[in-house]
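One structure below.
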Amino acid sequence: MKGSYKELLGAYFREAAQIAASIDLETLDRMVERLARLREEGGRLFLLGVGGSAGNCSHAVNDFRKLNGLEAYTPVDNVAELTARINDEGWETVFAEWLKVSRLSRRDVVLVMSVGGGDREKNISVNLIAAVDEAKRRGADVLGIVGRDGGYTKRAGDLVLVIPTANADHVTPHTEAFQAVVWHALVCDPRLMLRANKWEMTTEAQGAQR
């Protein structure tokens with residue numbers, strides 16, 4: 001790879017700026033409204049992802065619960081059950097079987113975070129495909145934050161935001177980074193946010209004392 005660090009890093013962040021300017025705000029707005037209705041109706045939010053997206057799911061569960069008062073869960077937070085199911089039942093069904101035990105219903109919502117969204121022909125993220133199918137069988141809405149063309153999640157889901165591709169060589173890092181940008185936009189929306197972030201509350205308190 002040729003070029004100075006300013007050229008290389010500058011190009012990466014120009015791509016990020018291009019993606020940020022191209023986010024589908026209409027879909028994002030509808031996701032906020034669906035999550036607000038989910039909370040109002042007492043439903044639960046289940047987040048599913050693999051690899052870096054799994055880490056994002058764990059972080060996002062914290063934010064949806066703490067800031068929004070949403071009952072949210074992800075199977076990747078329980079490594080014992082996750083690995084036991086993979087070992088005993090297989091990778092493909094690990095999320096679908098977890099949703100069955102959680103008694104997923106039409107009152108609930110599944111949120112998929114994935115770079116490709118699942119591709120059965122290429123045998124990529126087939127556990128997400130099985131989980132989406134299980135959710136649809138049970139009447140639950142499927143939301144998604146995905147990259148590339150959205151894959152199976154985009155085709156089968158109800159509200160799926162596709163992170164625009166600015167550079168085909170950087171699809172994974174940009175998608176996983178913007179999953180975080182997008183869920184933070186969701187949890188900070190006034191229609192969902194019940195409790196402010198700690199630093200913002202601290203700054204407001206300090207300002208009131210002056």
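Where a number appears in this text, it was derived from the coordinates with a stated rule and is not lab data. What you see is a predicted model; the values in this text were computed from it and never measured. When we count neighbours, we look across all protein chains shown, and the Cβ atoms used for this are built from the backbone with ideal geometry, even at glycine.
Restrict the check to the stretch 18-37 and report whether at least one residue is touching a residue at least 12 places away in the same chain (Cβ under 8 Å) and in a strand (DSSP E or B). Even if it seems obvious, please write down each step before you answer.
Within the stretch 18-37, the subset touching a residue at least 12 places away in the same chain (Cβ under 8 Å) is 18-20, 22-24, 27-28, 30-36.
So of that shortlist, the ones also in a strand (DSSP E or B) come out as none.
Checked the stretch 18-37: no residue is touching a residue at least 12 places away in the same chain (Cβ under 8 Å) and in a strand (DSSP E or B).
Test of understanding: among Ala16, Ala54, Ala20, which residue is under 18 Å from Gly144 (Cβ atoms), under 19 Å from the mean Cα position of the chain (by Cα) and among the small types (Gly, Ala, Ser)?
Details: Ala16 fails: under 18 Å from Gly144 (Cβ atoms); Ala20 fails: under 18 Å from Gly144 (Cβ atoms).
Just a single option satisfies the conditions, and that option is Ala54.
May I ask you to list the residues in the stretch 57-98 that are of a type in the set (Phe, Trp, Tyr) and touching a Leu at 6+ places or on another chain (Cβ under 7 Å)?
Here is the first cut: in the stretch 57-98, the ones of a type in the set (Phe, Trp, Tyr) are 64, 73, 91, 95, 98.
Listed by number, the residues that qualify are Phe64, Phe95.
What do you reckon, is Ile86 assigned to a helix (DSSP H, G or I), without any contact (Cβ under 8 Å) to a residue 60 or more places away in the chain and in contact with a strand residue (DSSP E or B) (Cβ under 9 Å, 6 or more places away or on another chain)?
On the way: assigned to a helix (DSSP H, G or I): yes; without any contact (Cβ under 8 Å) to a residue 60 or more places away in the chain: yes; in contact with a strand residue (DSSP E or B) (Cβ under 9 Å, 6 or more places away or on another chain): no.
So Ile86 fails the test.
I'm checking my understanding of the structure. Among residues of the stretch 149-173 that are in contact with a helix residue (DSSP H, G or I) (Cβ under 7 Å, 6 or more places away or on another chain) and of a type in the set (Val, Ile, Thr), which one is surrounded by the most Cβ atoms within 10 Å (Cβ to Cβ)?
Thr153
Do any residues in the stretch 169-197 that are part of a loop (DSSP other than H, G, I, E, B) have Cβ atoms under 6 Å from those of residues that are surrounded by fewer than 15 Cβ atoms within 10 Å (Cβ to Cβ) and not hydroxyl-bearing (Ser, Thr, Tyr), where the two are at least six apart or on different chains, and which pairs are they?
Close Cβ pairs (under 6 Å, with a partner that is surrounded by fewer than 15 Cβ atoms within 10 Å (Cβ to Cβ) and not hydroxyl-bearing (Ser, Thr, Tyr)) amount to Leu194/Gly69.
For a quick check of your reading of the model, give me the residue pairs whose first member lies in the stretch 102-124 and is surrounded by 24 or more Cβ atoms within 10 Å (Cβ to Cβ), whose second is of a type in the set (Lys, Arg), with beta-carbon atoms closer than 6 Å and at least 6 apart or on different chains.
Gly117/Lys154
One line per residue, one yes/no per condition, for (1) within 15 Å of the chain's Cα centre (by Cα); (2) closer than 19 Å to Val182 by Cβ; (3) polar (S, T, N, Q):
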| residue | (1), (2), (3) |
| --- | --- |
| Ser58 | yes, yes, yes |
| Lys66 | no, yes, no |
| Val76 | yes, yes, no |
| Leu82 | no, no, no |
| Val101 | no, no, no |
| Arg106 | no, no, no |
